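What follows is one structure encoded as structure tokens, with my remarks underneath.
Just so it is clear, none of the values below were taken in a lab; they were calculated from the coordinates. Quick caveat, the model's predicted, so the values are computed rather than measured. Backbone-built Cβ (ideal geometry, glycine too); neighbour counts: all protein chains shown.
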Amino acid sequence: MLISFIINGKQAKREIAPDTILLDLLRSMGMKSVKCGCDTGNCGLCTVWLDGSPVLSCSVPAARLEGHTVTTLEGLQEEAAAFSRCLADEGADQCGFCSPGLIINVLALEREIEDPDVNQIKEYLSGNLCRCTGYQSQLRAMMKYFGKSQE
Amino acid sequence: MSEQRYVSHAIRKLDAGALLSGKPVYTDDLAPASCLVIKLLRSPHAHALIESIRTEAARRVPGIEAIFTYEDVPDKRFTEAGQTFPEPSPDDRLILDRRVRFVGDPVAIVAGEDEKCVDRALKLIKVDYEVLEPVLDFTRALDHPVLIHPEDSYVAKPGIGTDQYRNLCASNLRGKGHVDEVLAQCAYKVEETYHTKAVNQTMMEPFTTYCTMDIYGRIKVVSSTQIPFHVRRIVARALDIPKSSVRVVKPRIGGGFGAKQTSVSEIYPAFVTYKTGKPSKIVFSREECFIHGSPRHEMQIDVRIGAAEDGKIRVIDVHTLSNTGAFGEHGPTTVDLTGTKTISLYRDLDAYRFQSEVVYTNTVSAGAYRGYGATQGMFAVESAVNELAHKMGMDPALIREMNIVRQGDLFSDYHGQRATACTLDQCISRVKELIGWEEKYPFVKTGPHTVRAVGMALSMQGSGIENIDVGTVQLKLNDDGFYTMMIGCSDMGTGCDTILTQMAADCLGCEMDRIIVRGVDTDQSPYDSGSYASSTTYVTGGAVVRACDSIKRRICQEAAALMELPPDQVDFDGNLIIDRHDPDHFMELSDLVNALQAGFGRIIEVTESNTSPVSPPPFMCGACEIEVDLETGKIRPLYYAAVVDCGTVINTNLARVQTEGGIVQGIGMALYEDIRYSPKGKLKNRNLLTYKIPSRLDAGSVHVEFAPSYEPTGPFGAKSIGEVVINTPGPAIADAVYNATGLRFRELPITAEKVYAGLKEIKGAEDADITGTHALRQG
């Protein structure tokens, strides 16, 4: 089936099989920031935006893109730069495999919740797993990014 | 060594920009689109013999390139464990075997042009099995009538106590003094059995490998691995081809934690590309990472520990039974750390004994997981020390302060080595301050049915493996005076590329951006044992320091010749080579390189390797504060205080993040991560829905500080950090749970269900007798 959609601000058309998953479509289009970490919708590594809201691309049929807009980290380089710097300054990147999904969800959080508190931050991002950092350095980076004092 | 502008600072990782902008830097991102997709047909039985396999129908599926079964592979047994040659793990596996030994054991390799056709083909392969009785209970595996490795081609390695006809992968016994006699004299003793499960590393990037054939007909293996040089050896042996025919390249790795110290995925695409000449790849699903990964060895550890009236620990006896699963990867070596790293925490023992058996079962083959046996051992021995303190009515912090190893001590069971750098005493006292030990121990009631309690444990590990691990660094001086630093150790996210560059920049007296670090390509990088056993900072770091000293000498030598001075009359400050007698007489480094590249001398390149006769342990103390809901059994980790002695801290950010990450992995093992098998041997927890690693809501807050010592044999005084940090949460949390509830758990994980059931049992007993601990805490 032929679908047309907007990806990272550009119009695109693709011939896909009806059972194609969004994650696979995006990676086949070169959006390699989108990672697969679990197959069961638990890890958050494949998070992208569909019409500006975060979704797990492993759980979205690609056919649903028809007429919609998808955004990956490749399309958010400028917006992501400031938070990425905060992560780097804490050494919170570590292996980096979960970073794209986390960053894109932090940017979604920023758009959705004005002045989030620490509990809102943790709740919103609880689906973004990380095995390297134990989350502490990521939280420090987020507090810095959102201009919060560190307790 | 000149002034430290980089060492002991919080330097950003060199690859941060690429990683954080989502660049295609991992194995699957780099695999050519033309790769054949590989999947494995897996055994549904824990133990069986293949009677027949019919692949004709599967081969007819359009797009299928090749299907291989046990009839197609070399008959030379090998091990997938990646340790320095001579690898101690037995050669006990084939690429595919007629005998399948666990549920998930590969039966056929299927390669095709896309996932769809491979999935179709997998369904069309017909296998008839002679189903055999499996050995699933590791406590009954030794001398079980069913043998897991009866094959004649099995190769045991010398000196590790293997007996394949007893299901015995390895065994050991050592000690000092008369354990039973001393124990009989002790006023207080604890004799208990502890049990830890085969927890999974759950690195975010699954096992991933792709292979291509290069222009010389050699196999290029690109893989997410911690051990590129060992993969070269393993693949060559498995395929029965010369090592010179294999090249291994490691791109960025999405975490390893030891999982990738076993070549779990490499042999399949290597075999397919070798047979077909075509590029191929395998990407394990998360489920496959569970059912065919390389998890921690499940262990049952009997501990006997005795102390005199005054609290002096006199004797420790550790007997470990380790479950290596279907194959022996890392079996003989992991078990040893349950003794060395635990017994050596305590000084002046009158007697100790360490005994071990490592047995085969029909479960997933175990491997290396951060902590490597020390984690299991520390849960047992540190729990026993806590139990001993409670028995004596003594503060568990105090019994440790009385008995721990001190600077200058000969370790109790550590290959005759001394504690040359040790601030463990400071670690304990600072942790007590951080957590408020005096006020909070043992528990504080916080609500009608909630209690907060604290618990403590110690840990030590090693820094590489003495006299075995090798790190090598090659430094080249290039145009304008920039350097290329070739290393063979694997940065797996830990940041070793960065910290080794920090060291080199300080040694060479230049900016970090004048050093280009490159790893790892076995055709180009100098040999390195790999990134495991907490070795990169200490072992490869030592090679960095040597290589820098060596290249500085070469720089002075070549410059002095051009300046017409004897070599010992010039100094190198990082940019200028200066006449010691005449500061106005100097040469710029860039001019020196230009001259050398124009033929006025010899080009400057050096290679230095490093092996250490000792493996200085890092130490730490960890204490947790938890809240337990006495109605539901739910345990909430609130706060974890950790103080680490890793010698000199090379990168303050990265060392801290290593510590925080290790502690939260340890919390996962203590509270959430369970591995369970069905009665027929099928692993039940095979995805992240049923195998629960901590999320950011489950971790609590972790506070890390350092109590640096100075290790004389380490680069800049450094020891290691990677593994020591995972060992304390198990025993510390178990003791906090005891302090909160009166319930002693000697098996991990300590789930809410177990606590609830335990509390219910106590309550039942106390309804008849109202003076128990539960009533006390219910207040």
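How would you rank A:LEU76, B:LEU671, going from fewest to most other Cβ atoms within 10 Å of each one's own Cβ?
Values: A:LEU76 20, B:LEU671 26.
Least crowded to most crowded, the residues run A:LEU76, B:LEU671.
Rounded if a/c is under 1.5, else prolate if a/b beats b/c, else oblate: with a ≥ b ≥ c from the C-alpha gyration tensor eigenvalues square-rooted, which is chain B? If you can, show how the numbers build up before the last one.
On the way: a/c = 1.88, a/b = 1.13, b/c = 1.66.
Judged from the Cα gyration tensor, chain B comes out oblate (a/c at least 1.5, b/c at or above a/b).
Taking the Cα centre as origin and putting +1 on Lys and Arg beta-carbons and -1 on Asp and Glu beta-carbons, what dipole magnitude results for region B:413-531, to the nearest 20 debye? Intermediate values should be presented prior to the final figure.
Values: 9 positive and 17 negative charges, 160 e Å.
Computed about the Cα centre, the dipole is about 760 debye.
Which shape class applies to region A:75-145: rounded if a/c is under 1.5, otherwise prolate when a/b exceeds b/c and oblate if not, where a ≥ b ≥ c are the square roots of the Cα gyration tensor eigenvalues?
Note, shape of region A:75-145 comes out rounded.
Report the FRET efficiency, 1/(1 + (r/R0)^6), for B:ASP568 and B:TYR527, where r is their Cβ-Cβ distance and R0 is 25 Å, rounded to 0.05.
Numbers: r = 32 Å, r/R0 = 1.28.
Plugging the Cβ-Cβ distance into 1/(1 + (r/R0)^6) gives 0.20.
Give the angle, between 0 and 90 degrees and rounded to the nearest 10, that separates the Cα long axis of helix A:136-145 from the longest principal axis of the Cα atoms of chain A.
90 degrees
State which entries of B:LYS440/B:LYS719; B:LYS123/B:LYS682; A:LYS122/B:LYS432; B:LYS157/B:LYS684; B:LYS275/B:LYS682; B:LYS157/B:LYS341 exceed 22 angstrom in Cα-Cα distance in the structure shown. Please list the in-between numbers first.
Values: B:LYS440/B:LYS719 32 Å; B:LYS123/B:LYS682 20 Å; A:LYS122/B:LYS432 28 Å; B:LYS157/B:LYS684 33 Å; B:LYS275/B:LYS682 32 Å; B:LYS157/B:LYS341 24 Å.
Correct reply: B:LYS440/B:LYS719; A:LYS122/B:LYS432; B:LYS157/B:LYS684; B:LYS275/B:LYS682; B:LYS157/B:LYS341.
For B:LYS23, which lysines qualify as cross-link partners when the Cα separation must be under 17 Å and same-chain residues fewer than eight apart are set aside?
Counting by Cα, and skipping residues close in sequence, B:LYS23 has these lysines nearby: A:LYS32, A:LYS35, B:LYS13, B:LYS250.
Cβ neighbours within 10 Å, averaged per peptide: list B:388-398, B:591-601 in order, most packed at the top. Mind dumping the intermediate values first?
Values: B:388-398: 17.9, B:591-601: 15.2.
The densest-packed peptide leads the list: B:388-398, B:591-601.
Does the protein assembly as shown come out rounded, prolate or oblate by the C-alpha gyration tensor, with a ≥ b ≥ c the root eigenvalues, rounded set by a/c under 1.5 and, if not, prolate when a/b is larger than b/c and oblate if not?
On the way: a/c = 1.29, a/b = 1.08, b/c = 1.19.
Rounded, because the longest to shortest axis ratio a/c is under 1.5.
Please give the contour-minus-distance gain from B:SER701 to B:HIS415: 0.36 nm per residue of separation, less the Cα-Cα distance, rounded to one decimal in nm. Don't jump to the answer; show the numbers that get you there.
Working: separation 286, 0.36 × 286 = 102.96 nm, distance 3.71 nm.
The B:SER701-B:HIS415 span can extend by a further 99.3 nm.
By per-residue mean of other Cβ atoms within 10 Å, what is the highest-first order of B:224-232, B:344-352, A:31-39, B:151-159?
Numbers: B:224-232: 28.3, B:344-352: 21.3, A:31-39: 23.9, B:151-159: 12.7.
Top to bottom by mean Cβ count within 10 Å: B:224-232, A:31-39, B:344-352, B:151-159.
How far apart, in nm, are the 7 Å Cα→Cβ label points at B:GLU438 and A:ASP117?
3.4 nm
Assign unit charges at the C-beta atoms only (+1 for Lys and Arg, -1 for Asp and Glu), then state the dipole size of region A:2-72 relative to its Cα centre in Debye, rounded to the nearest 20.
On the way: 7 positive and 6 negative charges, 53 e Å.
Once rounded to the nearest 20, the dipole reads 260 debye.
Which distance in nm do the two modelled labels at B:ASP143 and B:TYR216 give, with both placed 7 Å along the Cα-to-Cβ direction?
5.4 nm
Can you compute the helix-only [θ] at 222 nm over chain B? Use -39500 (n - 2.57) per DSSP H run of at least 4 residues, normalise by all residues, nearest 500 deg cm²/dmol. Walk me through the intermediate numbers first.
Details: 20 runs with 214 residues, N = 779.
That calculation yields -8000 deg cm²/dmol at 222 nm.
Can you find, among B:PRO613, B:GLY666, B:MET587, the residue farthest towards the positive end of the dipole of region B:565-683? Put +1 on the C-beta of Lys and Arg, -1 on that of Asp and Glu.
Value: B:GLY666.
Report the FRET efficiency, 1/(1 + (r/R0)^6), for B:VAL155 and A:LYS148, where r is their Cβ-Cβ distance and R0 is 60 Å, rounded to 0.05. The partial results should precede the final answer.
Details: r = 59 Å, r/R0 = 0.99.
For R0 = 60 Å, the calculated efficiency reads 0.50.
Taking the Cα-to-Cβ direction at B:PHE85 and at B:GLU71 and moving 7 Å from each Cα, how far apart do the two end points lie in nm?
3.5 nm
Only bridges with both residues in region B:151-292 count here: give the DSSP antiparallel percent, nearest 5. Mind showing how you got there, number by number?
Values: 10 of 14 bridges.
Counting DSSP beta bridges with both partners in region B:151-292, the antiparallel share is about 70 percent.
Suppose every Lys and Arg Cβ carries +1 and every Asp and Glu Cβ carries -1, with no other charges. What dipole size does chain A come out with about its Cα centre, to the nearest 20 debye? The partial results should precede the final answer.
Details: 14 positive and 19 negative charges, 77 e Å.
For this selection, approximately 380 debye.
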